[in-house]
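Bear in mind these aren't lab numbers, they're just calculated from the coordinates by the rules spelled out. Everything quoted here is computed from the prediction, not taken from an experiment. Every residue, glycine among them, receives a Cβ derived from its backbone with ideal geometry; neighbour counts consider all protein chains shown.
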Amino acid sequence: MKLKRVSGLVCAGAIVMGSLTTGAVWADPVVNEAAATAELAAGVNESWHEVSKTTFWLTDAFERGQGVTSDGNSWIFNSQLGLLKTALDGKSVQARNAVAIPSAIALKGGDHIGDISYYNGLIYAPIEDSSKYEHPYIALFNSQTLDYTGTSYELPLSLHPGGVPWVAVDAPRNQVYTAQWSHAPVLNVFNLSDMSLVKTVPLSQTIDRIQGAEMYNGYLYASSDDATKSVYRINPDTGEVVLALSRNLGSSTEAQGIAVLPTSNGAILHILDVGSNRISINFRHYAP
């Protein structure tokens with residue numbers, strides 16, 4: 001999440017002491033010409049469809065307002081400052097680290113956690129200094145306690161103009177991925193063992209405003225806050241980009257992080273978005 005939605009959720013979290021969660025649908029999808037144009041340009045549109053949605057309000061929304069991942073048994077959400085672990089109902093809190101940014105990174109201006117990723121008992125959290133974007137980091141947290149492990153990696157600044165809005169772990173390839181937020185031309189590929197830069201993979205088309213990404217079936221699925229709130233499928237080896245899903249949520253919403261987890265209702269992709277009222281977060285679940 002960049003600046004346009006931060007103020008609303010921060011105010012909601014700071015001022016309102018109560019919170020509410022609902023599964024009710026409160027906004028209709030908006031179909032526009034940009035969606036059709038994007039589909040034609042991409043050439044491929046997978047058959048993903050929304051099967052359910054949970055809406056979080058006020059302080060609940062604030063704690064889940066940036067990103068999400070899963071260890072297979074729980075959801076781990078993040079705000080711009082903290083981490084929250086819940087049962088798969090999304091509500092029952094199992095652990096919380098409300099101020100998670102390590103002090104050494106905070107002293108360099110780090111004040112914003114992007115969309116997180118999980119691997120082998122660890123949460124990989126991208127942290128940026130949103131006033132200058134001069135110190136992009138990946139910090140590792142214990143997925144059970146949400147405590148900082150003491151390990152972090154500063155990323156190459158030249159590859160992350162505008163910060164580090166997300167990270168995705170690709171365990172089978174022993175790789176970790178990032179990309180710049182605005183009109184990303186390449187996929188940055190790091191070694192999973194030590195976060196050393198392996199290479200950059202040119203993308204077949206630039207992707208704007210990537211807010212989160214996660215691996216599924218060997219491909220990277222990226223949640224974009226573009227005009228149609230689309231999800232793009234990226235081949236990490238070749239850089240081929242195709243449109244997987246145009247969500248058409250309307251310009252007043254903001255797409256956020258994405259997680260991959262097969263659930264009982266058939267959903268696999270799970271994506272957050274900030275509601276147009278700025279005090280709610282929708283957690284939408286998509287099946288192929």
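A compact table of results
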read-out: Backbone HN-Hα couplings from phi across region 231-241 [Karplus 6.51/-1.76/1.60, Hz, Gly and Pro as x]; value: 10, 10, 9, 10, 7, x, 7, 9, x, 5, 10
read-out: Under-5 Å amide H pairs with Val186, H placed in peptide plane, nonlocal only; value: Gln180, Leu203
read-out: Under Karplus coefficients 6.51, -1.76 and 1.60, residue-wise ³J(HN,Hα) of region 132-139 in Hz, glycine/proline x; value: 10, 6, 10, 9, x, 10, 10, 10
read-out: R0 of 30 Å, Cβ-Cβ distance Val93-Lys132: FRET efficiency to nearest 0.05; value: 0.35
read-out: Global form of region 143-288, assessed from the alpha-carbon gyration tensor, a/c cut-off 1.5; value: rounded
read-out: Built amide H within the under 5 Å cut-off of Ser52, gap 5+; value: His285
read-out: Test item: Cα-centred dipole of region 61-112, Lys/Arg +1 and Asp/Glu -1 on Cβ, debye; value: 60 debye
read-out: Extension gain from Ser182 to Ala287, taking 0.36 nm per residue of separation minus the Cα-Cα distance; value: 35.0 nm
read-out: Global form of region 210-288, assessed from the alpha-carbon gyration tensor, a/c cut-off 1.5; value: oblate
read-out: About the Cα centre, charge dipole magnitude for region 135-279 (Lys/Arg +1, Asp/Glu -1 at Cβ), debye; value: 200 debye
read-out: Amide hydrogen neighbours beyond the local backbone of Gly163, cut-off 5 Å, H modeled; value: none
read-out: Using a Förster distance of 25 Å, the FRET efficiency for Thr263-Leu157 (Cβ separation, nearest 0.05); value: 0.05
read-out: Descending principal axes extents, region 200-239, alpha-carbon based, whole Å; value: 27, 20, 13
read-out: Cβ-derived FRET efficiency at R0 22 Å, Asn248 paired with Thr206, nearest 0.05; value: 0.60
read-out: Gain upon complete extension [Leu197, Arg173; 0.36 nm per residue less C-alpha separation]; value: 7.2 nm
read-out: Region 101-221: C-alpha gyration tensor shape, a/c 1.5 cut-off, then a/b vs b/c; value: oblate
